[in-house]
Structure formats: C-alpha cells, structure tokens
Amino acid sequence: MAAKIVVTQPVHPEALDRLRAAGHEVVALDSPRGLPADEVRKATDGADALLSQLTDRLTADVFEKTSLRIVATIATGYDNIDARAASEAGVVVTHTPDVLTDATADLAMTLMLAVARHIPESDTTVRSGTTGPFRLLHEPMGIDISGATLGIVGLGRIGEAVAQRAHFGFGMKILYTARSQHSAAEERFAAERLPLEQLLAQSDVVSLHAPLTDETRHLINRESLSLMRPNAILVNTGRGGLVSEVDLAAALQSGQIAGAGLDVFENEPDVHPDLLACGPRAVLTPHVGSATAKTRAAMTALAVDNILAVLAGDPPRNPVP
C-alpha cells in the first residue's frame with residue numbers, strides 16, 4: 001500500500017527515487033534549515049513516515065495524535081528526538097550508526113594533529129608571508145602525539161576506531177572510561193579503564209565519544225578541565241552538549257589546557273563568542289565528522305532502508321536503543 005513520506009531537508013536524489021520506486025508518495029520540503037517542532041508537526045499531518053536530520057526538532061508535541069509509523073533520522077545521535085514520546089505513540093525511531101564510524105574517527109585524529117601542530121595558525125602565517133627564515137627555536141612549538149597518552153570518553157564504535165588509529169598508527173597509550181568494561185579493546189590496544197577524573201589527569205589528549213544524556217551534559221566543565229594537564233588537548237567529535245563552551249573558553253584563554261579541536265557545539269550552528277575569541281588555541285569545524293561523499297550517501301541509504309522495512313511490515317534495521 002502506498003504511504004506518504006515527508007522529507008524535511010535536501011537528501012541524495014537517488015534516495016527519493018528509491019522511495020518513489022517502491023510506490024510511495026514523497027513530499028520533499030527541501031528546507032534550508034532544520035525544522036522546529038511546530039513545523040514538523042504540521043508537515044507530517046497525515047504522513048506515514050518522516051525522513052529527518054539532526055537539526056530537526058521532534059518534541060513530544062510532534063507525536064500527539066500522529067499518523068506517523070516511523071521517523072528515520074540521518075544521524076547516529078538522536079537527542080533532538082523525544083524517543084520516549086515516539087515509542088508511547090507507537091512510532092518507530094531509527095538512526096544510522098556504524099556507517100559513519102571511520103569518517104568520524106578520521107576527523108578526530110585530524111583535529112588532534114591540527115591542534116598539536118598548530119596547523120591553522122601555520123597556514124595563516126604562510127599565506128600572510130610572515131613566516132621568516134627557519135628557526136630552531138620556532139614558536140609556537142608543537143606537541144608530540146606519537147607515544148602520548150590518549151584518554152577516550154565513551155568507547156563505542158567511534159571511540160574504538162579512534163583507539164585503533166591512535167594505538168597502531170601513533171603508538172599512543174590508550175585509557176578509556178565507559179559504563180562497562182571492554183575486554184576486547186583492553187586486549188587489542190592494551191587499553192586501561194579508569195574513572196573519568198583519573199583519565200583526565202593522566203591523558204595528553206582527551207577525545208569525547210559519549211552520547212548526550214542528562215548525566216553527560218557538560219561533562220567537561222570548569223571542574224573537570226581543572227584536572228587536565230596544562231599541555232593537554234581536548235577533542236570533541238561526539239555531541240556539543242558534552243562540553244561547557246564557556247568553561248572551555250576560560251580554560252583555553254588562561255592556558256589551563258593547551259588547545260581544543262571541536263566539530264560539534266552546544267547550540268549549532270552558533271558557537272559561544274568566548275570560544276571564538278580563543279583564536280588558534282581552538283580549531284573549529286562545522287559538524288563535518290561524517291562529511292565524506294561515501295559516508296553521507298551510506299547514511300541516507302540506511303535511513304531509506306529503515307523506512308521501506310517498516311512500511312513493508314518488517315522490523316527496522318537500526319531502531320534506536
């Protein structure tokens with residue numbers, strides 16, 4: 001039976017072709033921005049499925065007296081969706097884990113190296129023609145990543161992929177904190193599980209990969225930053241809300257930690273002015289962890305797979321936990 005599928009923002013054309021080829025009606029809104037909850041609710045009136053993105057807000061109001069059977073978000077995280085309200089309304093919520101693991105882990109390593117070796121600052125210097133001749137005591141000096149200690153907060157798929165790159169590629173010692181023990185990672189990477197406070201105190205680089213929950217919001221704050229080493233680097237490719245941007249900016253400006261590489265922010269696309277004022281101490285990218293052509297296409301295809309499965313009466317491939 002034909003179903004009505006609403007697509008909030010632009011996606012790959014072949015994804016829409018697959019939905020139409022299955023005999024469904026596709027309403028592509030092509031919104032240039034994420035939709036607020038009231039617009040989502042209005043747009044999905046009478047719809048069976050919603051193909052959404054992480055900037056769309058799906059509060060409990062969206063699921064009141066809804067006709068939706070499935071919400072498929074093209075993202076791993078789903079804190080923009082009231083999954084409990086959806087479940088109570090009988091709406092399946094799916095996401096797209098796994099397919100963005102390598103791309104995001106690659107970016108985490110990129111940010112780590114960019115901060116450690118002052119890449120953006122050096123690029124600016126070269127382009128301005130103010131590099132001058134080679135100097136043995138060149139400033140600012142970089143920080144060695146090879147052989148350093150990496151603390152991973154949240155050893156899920158992406159955290160483990162970062163550990164693999166860091167340990168085998170750079171000889172880094174791996175520490176981690178997680179809700180449960182990861183025996184395989186401990187054996188493979190000689191990883192050591194520690195409480196967060198000890199991990200922060202012992203790590204040269206801290207990389208965040210935890211989900212955003214009430215417990216993890218502002219996990220990195222003034223108190224936790226005070227535990228880190230003055231030459232330490234913070235990397236966040238997880239969720240923006242894990243970090244208090246005000247507290248991080250203060251730590252960077254005071255020299256409490258050496259630098260930070262961030263791909264995600266609390267109130268995207270806005271970044272706190274204090275953080276922007278940190279200059280080259282903070283390397284900032286606009287949530288591009290999964291932004292490779294192959295990965296984004298795979299994420300979209302997986303979301304479509306989930307929609308087609310549910311509309312056909314089959315179980316989804318990737319329901320949210």
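Laboratory data are not the source of any read-out in this text; all were calculated from the coordinates shown. Since we're looking at a predicted model, the values are computed, not measured. Note that we place each Cβ from the backbone using ideal geometry, even for glycine, and neighbour counts take in every protein chain shown.
Within region 101-284, DSSP assigns beta bridges of which about 5% are antiparallel (rounded to the nearest 5). Extension gain for ASP314 to LEU136 (0.36 nm times residue separation, less C-alpha to C-alpha distance): 57.6 nm. Extension gain for GLU88 to ILE119 (0.36 nm times residue separation, less C-alpha to C-alpha distance): 6.3 nm. In a fully extended conformation the segment linking GLN253 and LYS42 would gain 71.5 nm over its present Cα-Cα distance, using 0.36 nm per residue. Taking every alpha-carbon pair under 8 Å whose residues sit at least 6 apart, the chain reaches a relative contact order of 17 percent.
FRET efficiency for ALA190 and ASP17, Cβ-Cβ distance as r, R0 = 45 Å, nearest 0.05? The calculated FRET efficiency here is 0.40.
How do 258-265, 295-302 rank on mean C-beta neighbours within 10 Å, highest first? Intermediate results must be reported in sequence, preceding the final value.
Numbers: 258-265: 23.4, 295-302: 19.4.
By packing density, highest mean first, the sequence is 258-265, 295-302.
Here the calculated FRET efficiency for SER183 and ASP79, from their Cβ-Cβ distance with R0 = 25 Å, stands at 0.30, rounded to the nearest 0.05. Could you give the DSSP H helices of the chain that reach 18 angstrom or more along their long axis (alpha carbon positions) and whose average Kyte-Doolittle hydropathy is no lower than -0.5? Qualifying helices, which must be both long enough and hydrophobic enough, are 101-116, 293-311.
With all pairs of separate Cα atoms included, the chain yields a Kirkwood hydrodynamic radius of 21.1 Å. Region 101-284: D in µm²/s via Stokes-Einstein (Kirkwood Rh, Cα pairs, 4 °C, 1.567 mPa s)? Rounded to a whole number, D works out at 78 µm²/s. For the chain, the share of DSSP beta bridges that are antiparallel, to the nearest 5, is 5%.
When you count the other C-beta atoms within 10 angstrom of each residue and take the mean per peptide, 140-146, 3-9, 113-119, 287-293 line up highest first as 3-9, 113-119, 287-293, 140-146.
Expressed in units of 2.2 N^0.38 Å, where N is the residue count, the Cα radius of gyration of region 124-219 is 1.37.
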